[in-house]
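Mind having a look at this structure? Questions to follow.
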Amino acid sequence: MSDQIKVSRRAALAGAAALPLVAAAGATRAAAPMMGTAMSPFHRIKVGGFDVTTLLAGTRAVEGPHNIFGLNVDADTFAAVSAEANLPTDVSQFFFTPTVVNSGSELVLFDTGLSGAGTTAALEAAGYTADQIDVVVITHMHGDHIGGMTMEDGSLTYGNARYVTGRAEFDAWAAQDNDNFKAKIAPFAEQFSFLEDGGSVASGLTAMAAFGHTPGHMTYMVEDGGTQLVLGADFANHYVWSLAHPDWEVKFDMDKAAAAATRRRILDMMATDKTAFVGYHMPWPGIGYVEKAGDGFAYVPHSYQLML
């Protein structure tokens, strides 16, 4: 009986080994197409009773990151820091991440992305439509934050919304000869209301001055049910080059000294309070925590803390 079992097992193994040869001799299948990299267009978490959804309004590779970050350090220093973080120095990946907060009574969009079509596509993937947006908040008026204010025909992308921005930010750009401001903001100036530091967009949404990146740049605290989340906009633009080295100068910071001081202040607050934040240019889906690390800070990507 034992010998028969052994023979049967050998026969079975031999037959199994022959199956690939039989399949190879039969009909062939076309190779699966190469799909390239891909990311989901939205990511949703909870802050108390609020739904908070980050939208991937765009992403692109940008060459020469040392021309943007660490302008006040030499190439060897930049290369060493990048190598330690396993980052290339010839190219970096940029992400553009507006955020939607649903309080249950209002749907609030923070920043409009590079274009109306790009942001609304992500918005629709998340289950919302442009005409459902009740409030549009502009954190600051760089082109990648106001580009989606209008569609290609010049009409407002979010026609049913009221519009909110910082008073200092609006006044600073209105005093300049800036094409983006003229095209995207000025035609709708009468539809804006203006906030100072500590002003309220709606219940649970509070403005916090974060000047430096632009003259009136604002971040926003989302708070409900004892949980907080900072919508950080562009106070810090890279998870290593800005967080580990907050004093490194950034090309797009209009007042570089003020921006560095703002970075340190906000990063220290979030690290001390263990508060998560959404960074407009952080690695997708743009949500993380901050830890103190030497003279700087370390980025810790969100996992499931705000899903529970």
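So, in region 198-216, exactly how many residues are touching a strand residue (DSSP E or B) at 6+ places or on another chain (Cβ under 7 Å) and assigned to a loop (DSSP other than H, G, I, E, B)?
5
Then there's this: For Val278, indicate whether it is part of a strand (DSSP E or B), among the hydrophobic types (A, V, I, L, M, F, W, C) and under 18 Å from the mean Cα position of the chain (by Cα).
So Val278 passes the test.
In this structure, does Ala257 turn out to be part of a helix (DSSP H, G or I) and either under 18 Å from Val136 (Cα atoms) or modelled with pLDDT of 95 or more (or both)?
Against the criterion (part of a helix (DSSP H, G or I) and either under 18 Å from Val136 (Cα atoms) or modelled with pLDDT of 95 or more (or both)), Ala257 qualifies.
Okay, moving on. Within region 107-114, is even one residue under 28 Å from Ala257 (Cβ atoms), surrounded by fewer than 16 Cβ atoms within 10 Å (Cβ to Cβ) and touching a strand residue (DSSP E or B) at 6+ places or on another chain (Cβ under 9 Å)?
No, because not a single residue in region 107-114 is under 28 Å from Ala257 (Cβ atoms), surrounded by fewer than 16 Cβ atoms within 10 Å (Cβ to Cβ) and touching a strand residue (DSSP E or B) at 6+ places or on another chain (Cβ under 9 Å).
Test Thr77 against the criterion of being under 26 Å from Val240 (Cα atoms) and part of a loop (DSSP other than H, G, I, E, B), and give yes or no.
No.
How about region 65-74: which of its residues are touching a residue at least 12 places away in the same chain (Cβ under 8 Å), out of contact with any Lys or Arg (no Cβ under 9 Å at 6 or more places or on another chain) and on the phi < 0 side of the Ramachandran plot?
Result: Pro65, His66, Val73.
For region 75-92, give me each residue that is touching a residue at least 40 places away in the same chain (Cβ under 8 Å) and of a type outside the set (A, V, I, L, M, F, W, C).
Hits for region 75-92 are Ser82, Ser92.
Now for a different question. Could you tell me how many of the residues in region 199-228 are without any contact (Cβ under 8 Å) to a residue 40 or more places away in the chain, more than 23 Å from Ala260 (Cβ to Cβ) and of a type outside the set (Ser, Thr, Tyr)?
Qualifying residue count, region 199-228: 1.
Does Thr129 satisfy the condition of being more than 25 Å from Ser203 (Cα to Cα), surrounded by fewer than 22 Cβ atoms within 10 Å (Cβ to Cβ) and not small (Gly, Ala, Ser)?
Criteria not met by Thr129.
Output the strands (runs of 3 or more DSSP E) that fall wholly within region 121-197 and possess 2 or more residues being in contact (Cβ under 8 Å) with a residue 40 or more places away in the chain, or say none.
135-138, 162-166
The values are calculated or read from the model by the stated rules, or taken from the named source; none is laboratory data. Keep in mind that this is a model prediction, so the values were computed, not measured. Cβ sites come from the backbone with ideal geometry, for glycine too, and all protein chains shown count toward neighbours.
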